[in-house]
1. Going by the conditions given, is Ile54 surrounded by 13 or more Cβ atoms within 10 Å (Cβ to Cβ), at pLDDT below 95 and out of contact with any Cys (no Cβ under 6 Å at 6 or more places or on another chain)?
2. Please name all residue pairs, on different chains or six or more residues apart, with Cβ atoms under 8 Å, provided the first residue is in the stretch 22-33 and is free of Cβ contacts under 8 Å to residues at least 40 places away in the same chain and the second residue is among the polar types (S, T, N, Q).
3. Any residue that is out of contact with any Pro (no Cβ under 9 Å at 6 or more places or on another chain), in a helix (DSSP H, G or I), modelled with pLDDT of 95 or more and of a type in the set (Ser, Thr, Tyr) - is there at least one of those in the stretch 37-49?
4. Restricting attention to the stretch 34-58, report how many residues are touching a residue at least 12 places away in the same chain (Cβ under 8 Å) and not β-branched (Val, Ile, Thr).
5. Go through (1) assigned to a helix (DSSP H, G or I); (2) without any contact (Cβ under 8 Å) to a residue 12 or more places away in the chain; (3) not aromatic (Phe, Trp, Tyr) one by one and return the number of the condition Met1 breaks.
6. Out of all the residues in the stretch 25-36, is one or more modelled with pLDDT of 95 or more, polar (S, T, N, Q), surrounded by 13 or more Cβ atoms within 10 Å (Cβ to Cβ) and not in a helix (DSSP H, G or I)?
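The values are calculated or read from the model by the stated rules, or taken from the named source; none is laboratory data. Everything quoted here is computed from the prediction, not taken from an experiment. Cβ sites come from the backbone with ideal geometry, for glycine too, and all protein chains shown count toward neighbours.
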Amino acid sequence: MSEYQNWDKELDRLEAGKSQYSWDEIEELITDRLEDDKIDEQEFETLMRRLMDIDCEL
């Protein structure tokens, strides 16, 4: 499974209230993955947009 898919699934868990990470931790970890070239800019933007949508729901 790709790094992107792992974080997409983690966002599913966050949305369901089952994530081991807080919203802030996920934001930081996703940013770290971009800086470490584990995900590309488009994947980063997609994950962050989804994270922001979750923030509005919480």
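1. Here the answer is yes, as Ile54 does meet what is asked.
2. Within 8 Å, the pairs are Ile26/Ser19.
3. Going residue by residue through the stretch 37-49, those that are out of contact with any Pro (no Cβ under 9 Å at 6 or more places or on another chain) are 37-49.
Adding the requirement that they be in a helix (DSSP H, G or I) leaves 41-49.
Going one step further and asking which of them are modelled with pLDDT of 95 or more, we end up with 41-49.
Then drop every residue that is not of a type in the set (Ser, Thr, Tyr), which leaves 46.
Looking for residues that are out of contact with any Pro (no Cβ under 9 Å at 6 or more places or on another chain), in a helix (DSSP H, G or I), modelled with pLDDT of 95 or more and of a type in the set (Ser, Thr, Tyr), one finds at least one in the stretch 37-49, hence yes.
4. 10
5. (1)
6. No; the residues of the stretch 25-36 include none that is modelled with pLDDT of 95 or more, polar (S, T, N, Q), surrounded by 13 or more Cβ atoms within 10 Å (Cβ to Cβ) and not in a helix (DSSP H, G or I).
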